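Following: one structure in structure tokens, then a few remarks.
A short reminder: the numbers here are calculations on the coordinates, not readings from a lab. None of the values given here were measured: they were computed from a predicted structure. Here Cβ is always computed from backbone atoms with ideal geometry, including for glycine, and neighbour counts include all displayed protein chains.
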Amino acid sequence: MVKQERRPGPRVAIVTGAGTGLGRAYALRLAADGMRVLVNNRRREVDATGRGSADRVVEEIVTAGGLAAANYEDVCAEGAGERIVAQALETWGRVDALVNNAGVDQRAAFHKIDLEAFRRIFDVNFFGTLQVTHAAWPHMRSAGHGRVLVSTSSAGLHGLHGLSAYAASKAALIGLARTLAAEGASRDLFCNAIAPYAATRMTEAHITDEAQRAAMSPEHVAPLVSALLSERSRINGQVIVVGRGWARRAATVEADTLVYCGAGSPDDASTQRLSEPMRVAGVCREFRDGKESYEDFCSRVVGHLRQP
């Protein structure tokens, strides 16, 4: 592998699923920031001139004075990640940022979705992201700089009826992002996850009011993407929910209170406490990673055992 060295000059971003909606908004914003953008979108539809959606986004960027190139890979195809990254390197000699936006939706309850369909959704949302990230990561690591974003969802955070495969794939991305954040931090290689609320093809069935669609334009999410990919950004390992120009952090928390449910434990009334809602203020803790959570849990168990 040819090592990429960190050097001054225009930075390069790859945006997957960038032909329409959120991906298009990200690509346009990053190009306006002065980045060179590889616009990825598989060619499902072409116009009378043979151009696909990625070509049209590139044209928008170039017309506005930016630099961009189109890529037509399906992120699920074998070797697609390597080919996408190779094109960015061959075109501009570097890869500084990656926005994993390609994804698909689901509209079927768990008992109605077969395993093949479940795997297809996982292939795009999780393994598609994994392929491109795995290909870009070594180049960013050798350069001592990089910014990676993965697209999760509130369904991945909390679950949602009828979205078992979608929610599972988006939840898996949170675990991947937080682990990469920990591994890359010492090399200025940061990874975050965003859960965007926006009016897109994927949500058009749920957002029909025109005023609401305007308020939830993908352009209101793009500024946060720009900020997270900035060289100056020190945000790492976060999950951020964003929409309508506003954002808030999301996190996995655990209650301070332990409930004993081992041998000789009390009746069901005690273990029922495990299903009680947690009041976040004052009784829940956020952990940097699984190790810290485990160590805290063990220390609290020991504390309980020492009590008279």
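Between THR63 and ALA269, the C-beta separation translates, for a Förster distance of 51 Å, into a calculated FRET efficiency of about 0.15.
For the stretch 20-114, the square roots a ≥ b ≥ c of the C-alpha gyration tensor eigenvalues yield an a/c of 1.5 or more together with a/b exceeding b/c, which makes the shape prolate. Here the stretch 139-172 is scanned for amide nitrogen atoms under 17 Å from the site 7 Å beyond the Cα of PHE110 along Cα-to-Cβ, giving 155-172. Between amide H atoms placed 1.01 Å from N, distances below 5 Å from VAL104 occur with ASN125, all of them 5 or more places distant or on a separate chain. The mean sequence separation of alpha-carbon pairs under 8 Å and at least six residues apart, normalised by the residue count of the stretch 12-250, gives a relative contact order of 18 percent. Computed from the C-beta positions of GLN212 and ARG288 and an R0 of 35 Å, the FRET efficiency is 0.40 to the nearest 0.05. For ALA250, nonlocal amide neighbours, meaning residues 5 or more places apart or on other chains whose placed amide H falls under 5 Å from its own, are VAL239, ILE240, VAL241. Once a ≥ b ≥ c are taken as the square roots of the eigenvalues of the Cα gyration tensor of the stretch 12-250, is the result rounded (a/c under 1.5), prolate (a/b larger than b/c) or oblate (a/b not larger than b/c)? Verdict is rounded for the stretch 12-250.
Peptides 241-248, 10-17 ordered by packing proxy, namely the average of other Cβ atoms within 10 Å per residue, highest first: 10-17, 241-248. Estimated at 0.36 nm per residue, the fully extended path between ILE235 and VAL259 surpasses their Cα-Cα distance by 5.2 nm. Ordering 152-159, 51-58, 191-198 by mean Cβ neighbour count within 10 Å, with the highest value first, yields 191-198, 51-58, 152-159. With a simple spin-label model that places each label point 7 Å from the Cα along the Cα-to-Cβ direction, the separation between ARG43 and ARG248 comes to 4.5 nm.
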